[in-house]
Amino acid sequence: MVLGKVKSFVVSYDCLNDSNVPVFSSGDSVSGRVIIEVTGEIRVKSLKIHAKGFAKVRWTESRNAGSNTAYTQNYTEEVEYLNHRDILIGHERDDDNSEEGLTAIPSGRHEYAFSFELPQTPLATSFEGKHGSVRYWVKAELHRPWLLPMKTKKEFTVFEHIDINTPLLLSPQAGTKDKTLCCWFCTSGPISLSAKIERKGYTPGESIQIFAEIENCSSRMVVPKAAIYQTQTFYAKGKMKEIKQLVANLRGESLSSGKTETWNGKMLKIPPVSPSILDCSIIRVEYSLMVYVDIPGAVNLSLNLPLVIGTIPLHPFGSRTSSVSSQCSMAMSWLGLTLPERPEAPPSYSEVVTEEQRQSCLEVSAGREDYESPLFAYIQEFRFQPPPPYSEIDPNPDQCRRTEERRPDTCPSR
């Protein structure tokens, strides 16, 4: 008797949304099917699934141990969020090749349903970073006598939702700084910067309204700018690795000596980025808005305002309590600026990301289990393109990373 062959072997999910993208949250039921298509009858010992979710961090550093020796130190850490196994056909033991207990699968297409619940405890949001990731997937294994197991794996996305409609994330963020340039025993007038945004929490696709005032009493020409940065922080073996990336930026008009510029709600749009990750013990993803003054030949004057990128967008003002709305209006009064009475509600994720982006790269190749597996659907949806280097943003890219220091300056001509 000639046994048939397996033509296709895939995992498919029953999606909870209309976009056919497998996205789940803690406590959700994940269901789907293992689909097997065969060209003739086959005999199977078992069909198993293994659902797993974990955060993983990994990087290496070179160390010198003397004048002629060096070694590489590996830093790895892992946190498990999900580990579920189930048997869809057959039994647990697969180590024998006897003909007893085999299940015959006839020619054609067959579907085997599976279902399990995600833990009720908070889960880390799916994420791909330079030194770590948070991934969730279901792997299916088909065991047959005298043959190597067939394996296929498909990832799914988990969102740990962040609702920005909370008092903490609706609170305005503001700051004020000034700087006096000096040259040996001479000083010029100060440069002052005040900036404010209406709240701390935003969702992708929204535009941040920046209210700022920049006064240039120095002798130099300066340029006010603003930028959104994402900071990825990875922790392993008591060490920390940090990556800072530009998300979006804008540039104001150059200011000559004695001039003042006011930003009355200057808009900076947030592109499709991953949500903040604040509860994972080994990976953090944080955002900030930097409003700064670019000063040629000196350290920039900058203000950092923290941001939280959430998943549940802002409700219209009409659905909030009057106390929250009035607090926002009062907090803005220090600049003499008022907010719009009814700003537009921000777009949902489905409006930010196109249908083509949603449908791309949903299938993960069979048997690919290592750390460098293909990016899953979540990253294809929400991850922004690699940012330009700092050198393309500012002529002095290292200024924002160094502590402010005094420098020789050219005295004003008299």
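Tabulated values for the structure
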{"item": "Average silhouette area of segment 6-158, convex hull of alpha-carbon atoms, in square nanometres", "result": "13.2"}
{"item": "DSSP bridge orientation in segment 6-158 - percent antiparallel, rounded to nearest 5", "result": "95"}
{"item": "Qualifying lysines (Cα of each under 22 Å from Cα of residue 7; at least 8 residues distant if same chain)", "result": "45, 48, 139, 151, 153, 154"}
{"item": "Residue-count net charge about residue 33 - beta-carbon cut-off 9 Å; Lys, Arg +1, Asp, Glu -1", "result": "-2"}
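The numbers here are math on the coordinates, done by the rules we state, and not lab data. Nothing here was measured: the structure is a model prediction, and the numbers come from that model. Here the Cβ is made from the backbone with ideal geometry for all residues, glycine too, and neighbour counts use every protein chain on show.
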